[in-house]
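Before any comments, here is the structure.
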Amino acid sequence: MEKSKTTGTLELEGMEFRAYHGCLEHEKIAGNDFVVDFRGELDMSAAAESDRLEDAVNYALIYDVVAEEMSKPSDLLEHVAGRIVKALEARFPQFESFSVRVSKKRPPVNGVVQWSRITLYR
């Protein structure tokens, strides 16, 4: 008899970065505060059974991938999120699906806005 699969969700929410993304020159110089959220679905059967780190996704490594991509300036949040998705997909093929949300605090618009956000799905 085949073992049943235990699918679960791994989330890293509220990863904070000071970064230099944006189309305006002052955004590239002064930077802004960004928050990245990750949510991924994968088979957690082995880790749920064994209680061994080797059987789980090391979420510190997910953070490292996100931090590396956030350190590379881009004009568009779509581009930043796209780079993060590609890098995570290459490094963690075990995810059945995942999403990455990149949020920019106080975007430069003609009014009060708390966040601008982009969410990409794989």
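The values are calculated or read from the model by the stated rules, or taken from the named source; none is laboratory data. These numbers come from a predicted model, not from an experiment. For neighbour counting, all protein chains shown are included, and Cβ atoms are generated from backbone atoms with ideal geometry for every residue, glycine included. Surface areas here come from the heavy atoms of the whole protein model, side chains and all, with no ligands, DNA or RNA. Shrake-Rupley method; radii C 1.70, N 1.55, O 1.52, S 1.80 Å.
Among the residues of the range 34-52, those that are open to solvent by less than 60 Å² (accessible area, probe 1.4 Å) and of a type outside the set (Gly, Ala, Ser) comprise Phe34, Val35, Val36, Asp37, Phe38, Glu41, Leu42, Met44. Annotation note: of Gly40, Gly82, the sole residue that is at pLDDT 95 or above and in a strand (DSSP E or B) is Gly40. Figure legend. Inter-residue proximity from the range 110-121: first residues open to solvent by 100 Å² or more (accessible area, probe 1.4 Å), second residues at pLDDT below 95, beta-carbon distance below 8 Å, spacing 6+ or different chains. Indicated pairs: Gln114/Arg106. Among the conditions (1) within 17 Å of Val85 (Cα to Cα); (2) open to solvent by 70 Å² or more (accessible area, probe 1.4 Å); (3) out of contact with any Ser or Thr (no Cβ under 9 Å at 6 or more places or on another chain), the only one that Arg18 does not satisfy is (1). Being without any contact (Cβ under 8 Å) to a residue 40 or more places away in the chain, within 30 Å of Thr6 (Cα to Cα) and among the basic types (Lys, Arg) is not true of Arg39.
Could you go through the range 64-84 and let me know if any residue there is touching a residue at least 12 places away in the same chain (Cβ under 8 Å), open to solvent by less than 50 Å² (accessible area, probe 1.4 Å), in contact with a strand residue (DSSP E or B) (Cβ under 8 Å, 6 or more places away or on another chain) and farther than 23 Å from Gly22 by Cβ. No.
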